[in-house]
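The structure under discussion appears below in the form of structure tokens.
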Amino acid sequence: MAQVAIANVAKAFGTVKVLHEVSVDIADGQFVVLVGPSGCGKSTLLRMVAGLETVSGGTISIGDRVVNNLPPAKRDIAMVFQNYALYPHKTVEQNMAFALKLRGTDPAVVAERVKRAADILDLAPYLKRYPRQLSGGQRQRVAMGRAIVRNPQVFLFDEPLSNLDAKLRVQMRTEIKELHQRLKTTTIYVTHDQIEAMTMADKIVVMRDGRIEQVGAPLQLFDRPANLFVAGFIGSPA
Ligand code: ADP
Ligand code: MG
């Protein structure tokens with residue numbers, strides 16, 4: 001596990017500034033939620049932590065390493081996306097094993113890690129199935145399984161539940177929190193959903209238009225919002 005430090009990080013696409021020197025400190029084992037309206041820069045910030053976007057200014061550190069110039073594979077992170085991105089022609093087991101195999105991990109270790117992830121996520125009965133034979137919730141679990149088997153220092157989630165129906169979203173929220181309580185992996189979780197932020201976060205970062213409006217524990221933001229935007233955003237679920 002590791003702490004993550006985002007220090008004065010800025011991002012411009014061409015001449016358009018989409019992030020203005022944002023700073024966030026994430027403690028070892030903490031579950032931090034980045035929340036804000038669509039287009040405010042959440043995914044861009046997360047993708048910079050993942051190494052999928054370059055940084056226009058500032059530094060990102062994971063553990064005691066500045067990672068600005070490291071490719072994604074060297075950052076010891078695992079990212080779970082909204083659209084799962086499972087391989088349709090691979091079984092559940094193969095989907096979970098693939099990234100480890102690519103890295104040349106010992107087959108016995110791969111098998112052991114896949115088994116452990118399948119047990120944690122209740123996927124053991126489905127290992128030989130293909131993604132099309134699974135429910136939406138099961139597919140989301142496979143996507144999480146792929147992240148877990150890598151034993152990363154940091155989990156990054158980008159709106160992982162937004163394709164699921166309301167009932168399943170509530171269930172998966174609980175599952176992701178239980179997973180975090182079990183593994184204690186440092187997590188950055190992006191959502192535009194206030195309820196997700198309020199129920200899942202140790203610490204919430206409220207963003208608007210490429211800036212941070214407020215950082216705090218859920219109740220702190222609810223009881224003492226820094227401004228009307230935070231009050232409106234946290235106080236009135238979409
Ligand atoms: P969010 O995830 O909060 O919805 P994003 O991080 O996806 O927001 O986007 C922030 C802003 O950056 C938006 O205005 C978006 O249009 C812009 N943006 C994102 N990616 C690119 C890109 N590759 N090129 C140009 N503009 C981009
Ligand atoms: Mg986004």
Dipole axis of the chain (+1 Lys, Arg; -1 Asp, Glu on Cβ), positive-most option in Ile188, Val35, Asn163: Asn163
Give me the Debye-computed log₁₀ of I(q)/I(0) at q = 0.16, 0.20, 0.22 Å⁻¹ for region 104-230, equal point scatterers on Cα only, no solvent, two decimals. -0.86, -1.19, -1.36
What's the local net charge at Tyr84, with K and R +1, D and E -1, over the other residues with C-beta under 13 Å away? +3
Just from its helices, what would the mean residue ellipticity at 222 nm be for the chain, if runs of 4 or more DSSP H residues each count -39500 (n - 2.57) and the sum is divided by every residue, rounded to the nearest 500 deg cm²/dmol? -11000 deg cm²/dmol
Globularity index of the chain, i.e. its alpha-carbon radius of gyration over 2.2 N^0.38 Å: 1.01
Dipole of region 1-137 [Lys/Arg +1, Asp/Glu -1 at C-beta], most positive-end residue of His89, Asn8, Ala117: His89
Provide Rg over Rh for region 19-109; use the alpha carbon set for both Rg and the Kirkwood Rh (inverse mean inverse pair distance). 1.01
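Normalised by the residues of the chain, what does the relative contact order come to in percent, with Cα pairs under 8 Å and at least six apart?
Over the chain, the number comes to 28 percent.
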Within region 47-147, list the trypsin sites (Lys or Arg not before Pro) lying in a DSSP loop whose Cβ has at most 13 other Cβ atoms in a 10 Å radius. Arg103, Lys128
Once the Cα gyration tensor of region 1-55 is diagonalised, semi-axes √(5λ) in Å: 20, 12, 10
Once each part is reduced to its C-alpha centroid, what is the distance from region 34-50 to region 61-131 in angstrom? 23
With DSSP loop assignment and no more than 13 other C-beta atoms within 10 Å, the trypsin sites (Lys or Arg not before Pro) in region 165-238 are Lys184
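Any read-out appearing in this document is the output of simple, stated calculations on the displayed coordinates, not a laboratory observation. Quick caveat: nothing in here was measured; it's all calculated off a predicted structure. Cβ: placed from backbone, ideal geometry, glycine included. Neighbour counts: every protein chain shown.
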